[in-house]
Amino acid sequence: MGTTPASNDATSGVPRRGDPGPGGSFEGTGASAPGNPHQDADAPASVSPASSSPAPVSPASSSPVPGRPVRGSAGGRPVMAALDLLGRRWTLRVIWELHRNGAPIGFRDLQRRCDDMSSSVLSTRLTELREAGIAASTSTAAQPAWHLTALGDDLVTAMGPLLDWSRAWAERR
């Protein structure tokens, strides 16, 4: 490839030139990593050194969306958008509580179930989950009640193997 790996400061977290970057592409080359011929379809075909600076991170108030720059992906790869959304503070807990309840739940009840998290953070997370199509609200007696959508239920099902793995991990420790 013409690049020689440089030294890497293990504590800095800065990849060496030639190390696979996010999505498996070599930083600064746009080429697939050796042994990984499957480059993401939305990854750039080539990246010039002048344009290889990191993509701006979406503001905290904007929801991660596939196709729009997110943490870890200038092209907004769907998996990176999902990880950005799910990695936000309290997001997984809100999803878990909506799933665990099984029926629509009011804002205050959901807040209590989430260890009395701040109402502003809960409101932000619910807005992000609604924009992502994972949660929705229905009005009952002028009080919104939140629930998972079919897409949210699919997400919980997809996280099942991770739950199984975490239980096995806990038993080994």
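The values are calculated or read from the model by the stated rules, or taken from the named source; none is laboratory data. Predicted, not measured: the structure shown is a model, and the values here were computed from it. Don't worry about glycine lacking a Cβ; one is built from the backbone with ideal geometry, like all the others, and counts go over all protein chains shown. For the accessible areas, the whole protein counts, side chains as well, though only heavy atoms, and no ligand, DNA or RNA atoms are used. Shrake-Rupley method; radii C 1.70, N 1.55, O 1.52, S 1.80 Å.
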Could you list, in sequence order, the residues of the range 102-123 that are assigned to a helix (DSSP H, G or I), out of contact with any Phe, Trp or Tyr (no Cβ under 9 Å at 6 or more places or on another chain) and of a type outside the set (D, E, K, R)?
-> Gln111, Ser120
Does the range 97-109 contain at least one residue that is under 18 Å from Ala82 (Cβ atoms) and either over 21 Å from the mean Cα position of the chain (by Cα) or crowded, with 19+ Cβ neighbours inside 10 Å (or both)?
-> yes
Residues being open to solvent by 70 Å² or more (accessible area, probe 1.4 Å), among the β-branched types (Val, Ile, Thr) and under 20 Å from the mean Cα position of the chain (by Cα) - total across the range 133-171 | 1
The condition from (1) part of a helix (DSSP H, G or I); (2) touching a helix residue (DSSP H, G or I) at 6+ places or on another chain (Cβ under 8 Å); (3) open to solvent by 70 Å² or more (accessible area, probe 1.4 Å); (4) closer than 24 Å to Gly72 by Cα that Arg89 misses is numbered (1)
Please identify the pairs in which a residue from the range 130-143 that is at negative phi has its Cβ atom under 8 Å from the Cβ atom of a residue that is modelled with pLDDT of 80 or more and polar (S, T, N, Q), counting only partners at least 6 apart or on another chain.
-> Arg130/Ser137; Glu131/Ser63; Ala132/Ser63; Ile134/Thr149; Ala135/Thr149; Ala136/Thr149
